[in-house]
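The values are calculated or read from the model by the stated rules, or taken from the named source; none is laboratory data. Everything quoted here is computed from the prediction, not taken from an experiment. All Cβ positions, even for glycine, are placed from backbone atoms using ideal geometry, and neighbour counts span all protein chains on display. To get the accessible areas, we keep the full protein, side chains included, count just its heavy atoms, and leave off ligands, DNA and RNA. Shrake-Rupley method; radii C 1.70, N 1.55, O 1.52, S 1.80 Å.
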Amino acid sequence: MNDICVAKEKPRILIVDDVHENLHTLLNILRQDYAVMAATSGEKALEIARRAPAPDLILLDIKMPEMDGYQVLQYLRSEPSTAEIPVIFVTAAAEVGDEAKGMALAVDDYLLKPVLPELLLARVRLHLELAAYRKRYGRL
């Protein structure tokens, strides 16, 4: 009997940052293990997040022109189709108030730039595992 190996689809990660160098840095860290998409604006990020299949996780910069990360997060959390997507702020905004504001808006995690690759990969894995658990068993 032949064993059939079914390749599991890579989790989809959406990176949102208006600085191309930041996108490339994160892409290079993640591309081996994940299917990575990129957006350079909040509006484009929302468009991608609403599409099927939706991203499994979003890495979101806070400081962007026109629509900042806080606004993007509010839209994501307000729509049933995107409300459960884990969002990690990846930002240079290091003020305590910035992190607190993100937590008040239900961001899942917060990483400061420049990111340590090992820390980014660990946090991404953690939040993907938590999201899979919630899908299977419901919120904690």
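For this structure, a couple of remarks:
- Using a probe of 1.4 angstrom and keeping all protein chains present, the accessible surface of the chain works out to 60 square angstrom per residue.
- Taking amide H as placed 1.01 Å from N in the peptide plane, the amide H of residue 90 sits under 5 Å from that of 60, 61, 62, 111, each at least 5 places away or on another chain.
- Carbon plus sulfur fraction of accessible area for the chain, probe 1.4 Å, in percent: 55
- Here the Debye sum runs over all C-alpha atoms of the chain as equal scatterers in vacuum, and log10 of I(q)/I(0) at q = 0.14, 0.15, 0.16 Å⁻¹ comes out as -0.61, -0.70, -0.80.
- By the helix-only formula, in which each DSSP H run with n ≥ 4 contributes -39500 (n - 2.57) and the sum is divided by residues, the chain has a 222 nm mean residue ellipticity of -13500 deg cm²/dmol.
- For residue 38, the amide hydrogen comes within under 5 Å of the amide hydrogens of 15, counting only partners 5 or more places away or on other chains and with H modelled in the peptide plane.
- Computed over the chain: relative contact order in percent, which uses C-alpha pairs under 8 Å that are six or more apart: 20
- Estimated inter-spin distance, residue 106 and residue 83, nm [label 7 Å along Cα→Cβ]: 0.6
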